[in-house]
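Peer 1: Here it is, the structure, as structure tokens.
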Amino acid sequence: MSSSFERVTVLGAGVLGMQIAFQTAVHGFAVTSYDVSDEAVAQARGRLDAIVGQYLGEVRDADPDAVRAAAAGIRFETDLAAAVADADLVIEAVPESLELKRGVYRALAQVAPERTVLATNSSTLLPSDLVESTGRPERFLALHFANHIWAQNTAEIMGTSRTDPAVADRVAAFAEEIGMVPIRLRKEQPGYVLNSLLVPFLDAAAGLFMKDVADPATIDATWRIATGAPLGPFQIFDVVGLRTAYAVSIAGNAESRAFAARLQRDYLDRGLLGVESGEGFYTYR
Ligand code: NAD
């Protein structure tokens, strides 16, 4: 089955949005990347250059000229109506805030063509939290990627009870067309499959750190050596990005909020955002 999508617009050109736009462009789709300001687009261009470098360093059989041409073909937009005017699929990867996302969907509902399928990449919200703002419940669902999209290539597909199954089929076909392994959920689940496992794991690591049971390097080494996993929890925090870690923790219980405050004070306020900024719990420069 083919998705029959040709033009894809990604809203938000941050950590995940830029990876999604890149992965989609490399697989031959016409991609538009939308963000809110010229300044955000300038940052996104730098992010895209870094992704191209990382991808070419990691994907051995990639054709550098083709990859660079695909990245150069991504159209950047700061006008929402222009960004989605001819989109077959819009993937939303704006910050993880319910009110912000609802506002984006309300604006999108006014300007996106009727036929356009909308997908949220939200990690912690359910599509049913957003569906009323979309104006098209049958053509809205979640399509959730993992960070480091070309390597950690799961794409979790989770509709609401009102999503048209044929739309979910098309989105699953699209996921395969861009090199993902589609993971179909049978019902809504906060955190999908991946984060239902990952978030409690990272919470436990944060708890050990906050109680000063052991330092991050020791906690990570324990996990890696004893399980054979390639990364420990604090390495994962750095890859995910400490802004996202903060946003998830601040919405949690008192212990999680204490960890969020620690992230704010010792990391975010000092510009330490994880791998993206070159330093987080570890240094990557
Ligand atoms: P980010 O903060 O890196 O990027 C968000 C981008 O959205 C920024 O470029 C910002 O300028 C832009 N933005 C802000 N307001 C906007 C608006 N109104 N319209 C369009 N763009 C706007 O965030 P991120 O880590 O890329 O996360 C984005 C989404 O992807 C979230 O829903 C998050 O849950 C999800 N996600 C993140 C990860 C991850 O590992 N970082 C993994 C899977 C899913």
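The values are calculated or read from the model by the stated rules, or taken from the named source; none is laboratory data. What you see is a predicted model; the values in this text were computed from it and never measured. With ideal geometry, Cβ positions are generated from the backbone for all residues, glycine too; neighbour counts draw on all protein chains shown. We work out accessible area using only protein heavy atoms, side chains counted, and drop any ligands, DNA or RNA first. Shrake-Rupley method; radii C 1.70, N 1.55, O 1.52, S 1.80 Å.
Peer 1: Please work out the C-alpha center-to-center distance from segment 23-96 to segment 105-164 and express it in whole Å.
Peer 2: Going from one Cα centre to the other spans 18 Å.
Peer 1: From the Cα gyration tensor of segment 120-185, with a ≥ b ≥ c the square roots of its eigenvalues, which class applies: rounded if a/c is under 1.5, or else prolate if a/b is larger than b/c, or else oblate? Each step should come with its number before you reach the end.
Peer 2: On the way: a/c = 2.58, a/b = 1.53, b/c = 1.68.
Oblate shape, in that a/c is at least 1.5 and b/c is the bigger or equal ratio.
Peer 1: Filter the chain for me: DSSP H helices, axial length by Cα at least 27 angstrom, mean Kyte-Doolittle hydropathy not below -0.5. List them by residue number. Kindly include the intermediate steps, with their values, before the conclusion.
Peer 2: Details: long enough: 38-58 (30 Å, -0.23).
Helices meeting the criterion: 38-58.
Peer 1: Mind checking the per residue accessible area of segment 7-184 for me, 1.4 Å probe, whole number of Å²? It would help to have the intermediate numbers written out before the result.
Peer 2: On the way: 7140 Å² over 178 residues.
Using a 1.4 Å probe on heavy atoms only, each residue of segment 7-184 averages 40 Å².
Peer 1: Something else: Do any GluC sites (Glu not before Pro) in segment 105-204 lie in a DSSP loop with no more than 13 other beta carbon atoms within 10 Å, and if so, which? Show your work: numbers first, answer last.
Peer 2: On the way: sites: Glu114, Glu132, Glu138, Glu156, Glu176, Glu177, Glu188; in loops: Glu114, Glu188.
Qualifying residues, ordered by number: Glu114.
Peer 1: Per DSSP H run of n ≥ 4, the term is -39500 (n - 2.57); total these for the chain, divide by its residue number, and report the mean residue ellipticity at 222 nm rounded to 500 deg cm²/dmol. Each step should come with its number before you reach the end.
Peer 2: On the way: 12 runs with 141 residues, N = 285.
After summing the helix terms and dividing by residue count, I get -15500 deg cm²/dmol.
Peer 1: May I pose another question? Could you tell me what percent of the accessible area of the chain is made up of carbon and sulfur, with a 1.4 Å probe and every protein chain present? Working shown, then result.
Peer 2: Working: 7090 of 13290 Å².
The nonpolar share, carbon plus sulfur, comes to 53 percent.
Peer 1: On to the next question. Segment 58-94: which GluC sites (Glu not before Pro) are DSSP loop and have at most 16 other beta-carbon atoms within 10 angstrom?
Peer 2: Details: sites: Glu58, Glu77, Glu92; in loops: none.
Sparse-neighbourhood loop GluC sites (Glu not before Pro): none present.
Peer 1: Once you sort the root eigenvalues of the Cα gyration tensor of segment 187-242 as a ≥ b ≥ c, which label holds: rounded (a/c under 1.5), prolate (a/b larger than b/c) or oblate (the other case)? Present the calculation step by step, with values, prior to reporting the outcome.
Peer 2: Details: a/c = 2.07, a/b = 1.62, b/c = 1.28.
Judged from the Cα gyration tensor, segment 187-242 comes out prolate (a/c at least 1.5, a/b above b/c).
Peer 1: Please report the orientation-averaged projected area of segment 1-110, defined via the convex hull of its C-alpha atoms, in nm². If you can, show how the numbers build up before the last one.
Peer 2: On the way: hull surface 30.1 nm².
The directionally averaged projection comes out at 7.5 nm².
Peer 1: In the chain, if the dipole is taken from +1 on Lys/Arg beta carbons and -1 on Asp/Glu beta carbons about the Cα centre, which of Gln264, Met180, Gly278 is farthest to the positive end?
Peer 2: Result: Gln264, furthest along the dipole toward the positive end.
Peer 1: Counting other C-beta atoms within 10 Å, and keeping those with at most 14, which DSSP coil chymotrypsin sites (Phe, Trp or Tyr not before Pro) do you find in segment 10-81?
Peer 2: Details: sites: Phe22, Phe29, Tyr34, Tyr55, Phe76; in loops: Phe29.
Within segment 10-81, no chymotrypsin sites (Phe, Trp or Tyr not before Pro) qualify (loop, at most 14 other Cβ atoms within 10 Å).
Peer 1: For segment 145-238, what does the alpha-carbon gyration tensor say about shape, rounded, prolate or oblate, given a ≥ b ≥ c as the root eigenvalues, a/c under 1.5 as rounded, and a/b over b/c as prolate? Don't skip to the end; give the middle numbers.
Peer 2: Working: a/c = 3.92, a/b = 2.13, b/c = 1.84.
Since a/c reaches 1.5 and a/b is larger than b/c, the shape of segment 145-238 is classed as prolate.
Peer 1: Next up: Of the beta bridges DSSP finds with both residues in the chain, what % are antiparallel, to the nearest 5? Walk me through the numbers on the way to the answer.
Peer 2: On the way: 7 of 30 bridges.
So the antiparallel bridges in the chain amount to around 25 percent.
Peer 1: When 1/r is averaged over all different Cα pairs and the result inverted, which Kirkwood radius in Å belongs to the chain?
Peer 2: The answer is 19.5 Å.
Peer 1: Using a 7 Å offset from the Cα along the Cα-to-Cβ direction at both Ala107 and Arg257, what is the distance between the two label points in nm, to one decimal?
Peer 2: The two pseudo-label positions are separated by 3.0 nm.
Peer 1: Treating only the Cβ of Lys, Arg, Asp and Glu as charged (+1, +1, -1, -1), what charge dipole size does segment 7-184 show about its Cα centre? Round to the nearest 20 debye. Before the final figure, lay out each step's value.
Peer 2: Working: 15 positive and 24 negative charges, 38 e Å.
So the magnitude is around 180 debye.
Peer 1: While we're on this one: Expressed in whole Å with the largest first, what are the equivalent ellipsoid semi-axes of segment 199-277 derived from the C-alpha gyration tensor as the square root of 5 times each eigenvalue?
Peer 2: Values: eigenvalues 76, 42, 24 Å².
Semi-axis lengths for segment 199-277 are 20, 15, 11 Å.
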